[in-house]
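To start, the structure itself, in structure tokens.
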Amino acid sequence: MSTASPAAAGARAASASPLRKALSNVRVPQPLVMVIFGGTGDLARRKLIPALFRLWQQKLLPEAFAVVGVAREQMDDEEYRRRARAALGEFATAATEEEWADFGRRLFFGSHVFDDEEGFERLRTQLQAIDQEFGIPGNRLFYYAVPPRVVDEISRDLGKSGLICPPDCPCWTRAIVEKPFGRDVASARELNLALLEVYDERQIFRIDHYLGKETLQNLMVFRFGNSVWEPLWTRSHIDHVQITVAETVGLEQRADYYEKSGALRDMVQSHLLQILTLVAMEPPASYDADSVRNEKVKVLRSIRPLLGEDIDRETVRGQYTAGEAGRGYRDEEGAAPDSRTETYAALRLQVENWRWAGVPFYLRTGKRLPAKATEVVVAFRPAPHPVMDLVENDLPAPNALVLRIQPREGISLFFEAKVPGLTGRMQPVSMDFDYATAFGGAESPEAYQRLLLDAMLGDATLFARRDEVEAAWTLVTPILERWEAGGEPEGYPAGSWGPEGADPLMGEDKRGWHQP
Ligand code: BG6
């Protein structure tokens, strides 16, 4: 598919739409120091430092910019820089000597911050010295790459040592908080209250890295930047929606976290429900953070809560057993031999509003599935009448739009076509848009690049608001509680498409899961 539009380019340029303006904020942030709590952790090494380096390479960071990594272990700045450089070599492009000379000198390590009561005072002094060295006016971005229980403590200490400026100060303070944001609705509320004791909601950026993925941002452009889909995007034309996030990876080295989490907390509460809101939301009044998030919250609140026995009927949990893709979950390092943690979850949800009443949303996610694929399938209602005389098939297959979020990023529209020849047969074919071909192989930025830049610029559109996170937990918590109260996840062989019990969820509606 070509990217050239038949519409006159001049006419398009003349009308800069609000959506286009909202998406084109490639501005350089004001000078700042970013402090990473969890500065030596996996996230910092794999994602944050590489994303900062790429932003710096692309000249999207201000000249006056520095990073302070904070962690419990002790090291000096030189050692921290050495480790950061190694991480770039491993997880991004290795820095040249020249690049490193400028980027590396901006990295510091916050030593002894967690040692004693004076730790945060020392951090304050260190940040002031860095401000002076680089000419930074006191702007701070605190990144909490730490478990939820530590977020509370750190926030209190930051508040006590005067490191958080209120929103009306001449300089700004912002906080990015990593998932998991709590482990149920009660703990998410507590965490929100703890953060709101020291920050204003406008200063809090709850991150879900899926929202930084280019293809998910494109979902809004696809829906609201084109007039062709909107009339079809309703219960009158759509039969059902499927959202799949399939992973080939297993537990990896994350037993400490995953054993207490499971697929519902780890993936459904955050990534899958976020995708659902983008598919189902109404066009926002404008594209500022609150208007977009208002619409997303409305979707979450329109989902019929699953309670009691409904949960047994509308959800399926699974755990991988030994199979062609490797050993079973219970044999993984760090997993309990009788673990009941689910590595697969499937749900049938109903969004009860005017647009979607009666259209089921099927969600599924799992580890150790045969392919890594995130996709949304919008299945349209079948044609109401057979194609008389022309074809031999009884009924055409329903049309479907497949939005491939990753890794083969693109969109396909499936429809029926007549097979050439003298017999009358039809067959589903597809019209395909492929990111790589359409945009000449242009590389999509990493999700963390986009999100870090947005937080530095103070744009919270792609971050979850307090009510959004709590609404998502409100939906998920009764399911967690019922699953935890009893029963076992159904086994599925590693390398298969999940437990057999997930098929009836669709099958009883005479539908089937789309295989990516
Ligand atoms: C994380 C989960 O949020 O997302 C992981 O904690 C999961 O368990 C990961 O593997 C998937 O992210 P991506 O970007 O690889 O699809």
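Full extension of the chain segment joining H385 with K260 gains 39.9 nm, where the gain is 0.36 nm per residue of separation less the Cα-Cα distance.
What is the distance in Å between the Cα centroid of segment 439-491 and that of segment 62-139? Distance between centres, Cα-based: 28 Å.
Extension gain, A436 to Q515, is 26.3 nm, computed as 0.36 nm per intervening residue step minus the present C-alpha separation.
For A129 and R235, compute 0.36 nm times the residue count separating them, minus their Cα-Cα distance, and round to one decimal in nm.
Working: separation 106, 0.36 × 106 = 38.16 nm, distance 5.93 nm.
Contour length minus Cα-Cα distance gives 32.2 nm.
Assuming a ≥ b ≥ c are the square roots of the Cα gyration tensor eigenvalues, decide whether segment 197-304 counts as rounded (a/c under 1.5), prolate (otherwise, with a/b larger than b/c) or oblate. Oblate shape, in that a/c is at least 1.5 and b/c is the bigger or equal ratio. Once C-alpha pairs closer than 8 Å and six or more residues apart are averaged by separation and normalised to the residue number of the chain, the relative contact order reads 17 percent.
Heavy-atom accessible surface of segment 59-160, averaged per residue, reaches 49 Å², computed with a 1.4 Å probe. What a 1.4 Å probe finds exposed on the chain is 53% carbon and sulfur by accessible area, rounded to a whole percent. Using a ≥ b ≥ c from the Cα gyration tensor of the chain (square roots of the eigenvalues), is it rounded, prolate or oblate, where a/c under 1.5 gives rounded and otherwise the larger of a/b and b/c decides, a/b for prolate? The shape class here is prolate. With a simple spin-label model that places each label point 7 Å from the Cα along the Cα-to-Cβ direction, the separation between E324 and S291 comes to 5.0 nm.
Distance between the 7 Å Cα→Cβ label points at D331 and Q350: 4.3 nm. By the Cβ distance rule of under 4.7 Å, the chain has these cysteines without a partner: C171.
Separation of segment 318-391 from segment 159-200 is 34 Å, based on Cα centroids. The D200 and T423 beta-carbon pair, evaluated with R₀ = 60 Å, returns a calculated FRET efficiency of approximately 0.30.
Packing-wise, with mean Cβ within 10 Å as the measure, how do 176-187, 35-46, 285-296 rank, highest first?
35-46, 176-187, 285-296
Shape class for segment 405-472, computed from the alpha carbon gyration tensor (a ≥ b ≥ c): oblate, with a/c not under 1.5 and a/b at or below b/c. Placing a label point 7 Å from the Cα of N226 along the Cα-to-Cβ direction, the residues of segment 416-443 with a backbone N closer than 13 Å are 431-435.
The values are calculated or read from the model by the stated rules, or taken from the named source; none is laboratory data. Quick caveat, the model's predicted, so the values are computed rather than measured. Neighbour counts are summed over all protein chains in view; Cβ atoms, including those assigned to glycine, are modelled from backbone coordinates with ideal geometry. Side chains included, ligands, DNA and RNA excluded: accessible areas come from the protein's heavy atoms. Shrake-Rupley method; radii C 1.70, N 1.55, O 1.52, S 1.80 Å.
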